[in-house]
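Beneath this line is the structure, given in structure tokens, with notes to follow.
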Amino acid sequence: MKKLSHYDAAGRAAMVDVSEKTPSKRQASASGFVAMSREVLKALPRNPKGNPLEVARMAGIMAAKRTSELIPMCHPVPITHIDVTTELCENGVAIASTVTTTAATGVEMEALVAVSIAALTVYDMCKALDKGIEIREVVLQHKSGGKSGEYSRPGNSSGRKRAQK
């Protein structure tokens, strides 16, 4: 049976010791969705703060690099690549991230933090138009490498509708 790894024998929160792990290529991808009204979507190109999708993309990249400062038991990881994408959909903005390292521990949290902060940035840049914008479905989509091996999220139950081109 699997057990939680961030606790010591006394039940106290503890950082996992990865000093004996072999560094290897590890990659993780995450996604999320920011649901918003069509009125807010139409206003995106005219946002006085700048292009919300590009600002969100940059925020996601910056956040991934600082994950260990935000999540107490995360190791500082040398990230070799980060990709954050934003896609306008009919009912909101789809956000995805992929993070790669060649370290002794994985980058799932970095991928999830990138998506989360990118989504919060979209909200921040659009909240003047609608405080009811929703951040939804922040999930790990895939991870590879490391002792636990490969993981791929089964199915996709998102309510996204691609924007008509």
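The values are calculated or read from the model by the stated rules, or taken from the named source; none is laboratory data. In this text the structure is predicted, and so the values were computed from the model without any measurement. Please note: Cβ atoms are built from the backbone with ideal geometry, for glycine as well, and neighbour counts cover all protein chains shown. These area figures cover heavy atoms from the full protein model, side chains too; ligands, DNA and RNA do not enter into them. Shrake-Rupley method; radii C 1.70, N 1.55, O 1.52, S 1.80 Å.
For segment 85-132, the set of residues classified as in a strand (DSSP E or B) and open to solvent by 30 Å² or more (accessible area, probe 1.4 Å) consists of 85, 86, 87, 88, 96, 98, listed by residue number. Within this structure, residue 16 passes the test of being touching a residue at least 40 places away in the same chain (Cβ under 8 Å), aliphatic (A, V, I, L, M) and out of contact with any Gly (no Cβ under 9 Å at 6 or more places or on another chain). Of the numbered criteria (1) under 30 Å from residue 8 (Cα atoms); (2) in a helix (DSSP H, G or I), the one residue 140 fails is (2). For segment 62-79, the set of residues classified as open to solvent by 30 Å² or more (accessible area, probe 1.4 Å), touching a strand residue (DSSP E or B) at 6+ places or on another chain (Cβ under 7 Å) and farther than 19 Å from residue 147 by Cβ consists of 65, 79, listed by residue number. For segment 19-51, a residue qualifies if it is free of Cβ contacts under 8 Å to residues at least 12 places away in the same chain and part of a loop (DSSP other than H, G, I, E, B), and the qualifying residues are 20, 48, 51. Within segment 112-125, residues that are small (Gly, Ala, Ser) sit with their Cβ atoms under 7 Å from residues that are in a helix (DSSP H, G or I), at 6+ positions apart or across chains, in these pairs: 114/60; 114/61; 114/63; 114/64; 118/56; 118/57; 118/59; 118/60. In the set (1) under 14 Å from residue 109 (Cα atoms); (2) open to solvent by 70 Å² or more (accessible area, probe 1.4 Å); (3) in a strand (DSSP E or B), residue 82 fails one condition alone, (2). Residues in segment 98-118 that are over 26 Å from residue 7 (Cβ atoms) and either among the acidic types (Asp, Glu) or in contact with a Leu (Cβ under 8 Å, 6 or more places away or on another chain) (or both): there are none. Among the small types (Gly, Ala, Ser) and more than 30 Å from residue 128 (Cβ to Cβ), is that true of residue 31? Spelling it out, it is not the case that residue 31 is among the small types (Gly, Ala, Ser) and more than 30 Å from residue 128 (Cβ to Cβ).
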